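First up is the structure itself, then whatever we jot down about it.
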There are 2 protein chains.
Amino acid sequence: MKRVNIGILGYGTVGQGVVEVLKANAKEIERRCGYEISVKTVVKRDWSGIDTSALPFECITDAMQLVTDPEIAIVMELMGGEEPAKTLIETALKHDKHVITANKALIAKHGQALFKLARDRGLELSFEASVAGGVPVIKVLRESMSGNAIQSVAGIINGTGNFILTAMTEQGRAFADVLAEAQALGYAEADPAFDINGTDAAHKITILASLAFGIPLQFDRVYMEGIDTITPADIENAAELGFVIKHLGLAIRRENGVEIRVHPTLIPSDNMLASVKGVMNAVQVQGNAVGNSLYYGPGAGRLPTASAVVADLIDAVRELNLDSESRLAEFGFAKVLDTQALPVLSPKNFRSAYYLRIAVEDEVGVLAEMTKILAENAISIESIVQKTEAKVNNVVPLIVLTDEVNESRLDNALSAIEAMKAVREPVRRIRVEYFDY
Amino acid sequence: MKRVNIGILGYGTVGQGVVEVLKANAKEIERRCGYEISVKTVVKRDWSGIDTSALPFECITDAMQLVTDPEIAIVMELMGGEEPAKTLIETALKHDKHVITANKALIAKHGQALFKLARDRGLELSFEASVAGGVPVIKVLRESMSGNAIQSVAGIINGTGNFILTAMTEQGRAFADVLAEAQALGYAEADPAFDINGTDAAHKITILASLAFGIPLQFDRVYMEGIDTITPADIENAAELGFVIKHLGLAIRRENGVEIRVHPTLIPSDNMLASVKGVMNAVQVQGNAVGNSLYYGPGAGRLPTASAVVADLIDAVRELNLDSESRLAEFGFAKVLDTQALPVLSPKNFRSAYYLRIAVEDEVGVLAEMTKILAENAISIESIVQKTEAKVNNVVPLIVLTDEVNESRLDNALSAIEAMKAVREPVRRIRVEYFDY
């Protein structure tokens, strides 16, 4: 049996999971890749408290030593964060090692330069674990959907957010209450900002959009809303109309460019995404040949993430003896689709249907005035429901579903509506997606 | 741009879909594989009625000419059936061409010899389209799950059967009635036997089981039940207990071997598989690292099948310039898992929970006698419901849910129960799966 040495940067949750999977499934892995995989070296900043004598690999603290070790063929970066991870990956590539990373923020923000470096040196820089943990959506987009022009990618790609929305939906609880529970359960970080405000999902949809459309990674062009403004009343109103509210990362190909956005979304309750509960993730991919497809699994966790990392490892091992070109050619370096050909659209050019909650005084003529404003802005109305049972101080919520509308038109209409004397607070707006792109 | 010539055997629904996809997505495909793909030759038995002068490839009837053409590097077999497909694939491989097929029956029954031939010659024989059309489950099992020991695969892999069960469930209609509609809509063949009796799903689960567990293809060892015995009453009883009835292909790893079976199954209604409606397909894969994952999409159709075939094509093209070993090493030729190490278990060794419908005379003591028989066979009961509202002529159905039980024990118990004077007809039995393997 041939043998390959690997090095692992980081021995936290994921690093330990990878070591565990490589050991537990060693026979299966050898069967599949034809190599014995040997973890030669692991780097951790501080090994105190760990009995390193019991570990069958070198336990060191000097990351530079690992990424320049000539006996190591493949490096796994499982430490997270931007630096020193970025410098270490660059150094490993310059020392002709394939690199595998689970670092979504790094890929979303610095992937462009890293991929170029890897490609120019004929190396792989693999990142299956960076999006949706155990869900192999990176490979699906790069390989299984390679015969398709992708129309859209829509994903529940933040487990903490989905846990919170699921509990709010099933138990009618408020956002802050469920967030506190998620933190107690260890799902949400002490600082849950990235989960709540959409940054984490934005990192991931940046990567998926780049793969789907062959465009450069453009994290700073992603439109982002979080879940902290969603109320149990919105969830209930949506349910009455046949929708579930999910926090989605969306990338949609339009004629003139690509919409990339992250926000709470009403989706039809019979869509498969509506059945994705708790911390699970799922990504729906629509292609012009395959039609609609969906990939579901755990979005995080020690072993699911390790599963993705080890799949990348086996792919890299299979290429070790090949004089192959890097497979990174399709990742944002395409000639046919550059930033000019398929620009990321600005939010005012987005198109979406909308759920609107408008608090109005219960007076004759208000509805007529409001519908007149919508009509003047060429906004079609799918339904209007007056929630009379929620009337307080003569103010009653109107729930409006619009047809698909250009967002700048909606902005205009809502400015006019909010200027009405009978409208008592800013209009609450949540996008609705039917996925019929 | 480099260029590769391919040949297509068969110009029916799928063959035409492939030609259409290659044309419509030519730019995307070139971007992803770095080659211009040129369809040189297409074989059809009879071209009459088709304006071949408008087609940009050679239209011939001699399949042997295509599979021996030195200018063709990759052959697609899209004709179906066992012969001449088998001989043509063998000939193509012997002429050093990579082969792509969508032919599930051929792979399930003759794949072993064909894969050996391809592997020995360093060629690929790819078959993504053979199972679940647009759902890339073959690649998922071979590559994305390569770091896992697979515990189970459970799939809705016959679209016609799922269409029928969905309509029976949602509309309360009888099997024969919905089958007639499916035939009128073109979902079911004029002879729907393979869809109805489970043969089609058995072909597919044979392939998935082999990939999941590294065992040889063993179609003749698959246990098979169809959907024609399912009644609206069973579906309704199941729903009341929180289950949906789906026709599943199942492959489960046990300590002493593998269960491979195809049958109607009660599954918990909150499982993602329960949300798979109509002709859609989905495959759930459980691995010891990833946990639970699911892959969903169209199971058949011109373009979804073409999507899978073209993905295989692009993979094959990427390998054209590589002196790579065939990736077929993992397909049932493994040394670590041979037929002795992981045999296919016979049905009497299956383990499953059960739904039982027992028609009994409504008399004192019947229930006591029945539960005594179950207890004597060490069968635990999850619940018993007497359907009093369905009583006819003093005969009332009892709906029993058992815990997991060895099937030979259940056979013994049901023989004893059916011998009871108060039991008026054979016991109806349907397996229940909770997927907690």
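The values are calculated or read from the model by the stated rules, or taken from the named source; none is laboratory data. Worth saying up front: this structure is predicted, and the values here are computed from it rather than measured. Backbone-built Cβ (ideal geometry, glycine too); neighbour counts: all protein chains shown. Quick note on the areas: whole protein, heavy atoms, side chains included, nothing else; ligands and nucleic acids left out. Shrake-Rupley method; radii C 1.70, N 1.55, O 1.52, S 1.80 Å.
See the values below:
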{"quantity": "Residue B:265 open to solvent by 20 Å² or more (accessible area, probe 1.4 Å) and not in a helix (DSSP H, G or I)", "calculated": "no"}
{"quantity": "Residue match in the range A:341-362 (condition: at pLDDT below 95, within 10 Å of another protein chain (Cβ to nearest Cβ) and either buried (at least 21 other Cβ atoms within 10 Å of the Cβ) or more than 30 Å from residue A:241 (Cα to Cα) (or both))", "calculated": "no"}
{"quantity": "Helices (runs of 4 or more DSSP H) fully within the range B:41-144 counting 2 or more residues that are out of contact with any strand residue (DSSP E or B) (no Cβ under 9 Å at 6 or more places or on another chain)", "calculated": "B:85-94, B:104-120"}
{"quantity": "Test for residue B:202: is it of a type in the set (A, V, I, L, M, F, W, C) and over 17 Å from the mean Cα position of the chain (by Cα)", "calculated": "no"}
{"quantity": "Pick from the range A:274-295, criterion within 7 Å of chain B (Cβ to nearest Cβ), in contact with a helix residue (DSSP H, G or I) (Cβ under 6 Å, 6 or more places away or on another chain) and surrounded by 24 or more Cβ atoms within 10 Å (Cβ to Cβ), ranking: farthest from residue A:4 (Cα to Cα)", "calculated": "A:289"}
{"quantity": "Test: residue in the range A:66-73 that is closer than 30 Å to residue A:221 by Cβ, away from chain B (no Cβ under 14 Å) and open to solvent by less than 20 Å² (accessible area, probe 1.4 Å)", "calculated": "no"}
{"quantity": "So residue A:142, is it more than 28 Å from residue A:196 (Cα to Cα), more than 13 Å from chain B (Cβ to nearest Cβ) and basic (Lys, Arg)", "calculated": "no"}
{"quantity": "Of residues in the range A:145-161 being open to solvent by 10 Å² or more (accessible area, probe 1.4 Å) and assigned to a helix (DSSP H, G or I), the one nearest to the other protein chains (Cβ to nearest Cβ)", "calculated": "A:159"}
{"quantity": "Search result, residues across the range B:175-199 that are among the aliphatic types (A, V, I, L, M) and open to solvent by 50 Å² or more (accessible area, probe 1.4 Å)", "calculated": "B:176, B:180, B:184, B:185, B:190"}
{"quantity": "Residue within the range A:260-270 that is of a type outside the set (Phe, Trp, Tyr) and within 8 Å of another protein chain (Cβ to nearest Cβ) present", "calculated": "yes"}
{"quantity": "Yes/no for residue A:126 being buried (at least 21 other Cβ atoms within 10 Å of the Cβ) and either over 24 Å from residue A:307 (Cβ atoms) or in contact (Cβ under 8 Å) with a residue 60 or more places away in the chain (or both)", "calculated": "yes"}
{"quantity": "Flag for residue A:421 being of a type in the set (D, E, K, R), open to solvent by 10 Å² or more (accessible area, probe 1.4 Å) and in a helix (DSSP H, G or I)", "calculated": "no"}
{"quantity": "Scan of the range A:296-315 for residues that are more than 8 Å from chain B (Cβ to nearest Cβ), over 16 Å from residue A:200 (Cβ atoms) and surrounded by fewer than 24 Cβ atoms within 10 Å (Cβ to Cβ), ordered by number", "calculated": "A:302"}
{"quantity": "Total residues in the range B:422-435, condition under 20 Å from residue B:348 (Cα atoms) and not aromatic (Phe, Trp, Tyr)", "calculated": "8"}
{"quantity": "Residue count for the range B:1-53, restricted to those that are within 13 Å of chain A (Cβ to nearest Cβ) and over 22 Å from residue A:289 (Cα atoms)", "calculated": "2"}
{"quantity": "When residues of the range B:215-240 are limited to those that are within 27 Å of residue B:341 (Cα to Cα) and in contact with a helix residue (DSSP H, G or I) (Cβ under 6 Å, 6 or more places away or on another chain), the one surrounded by the fewest Cβ atoms within 10 Å (Cβ to Cβ)", "calculated": "B:224"}
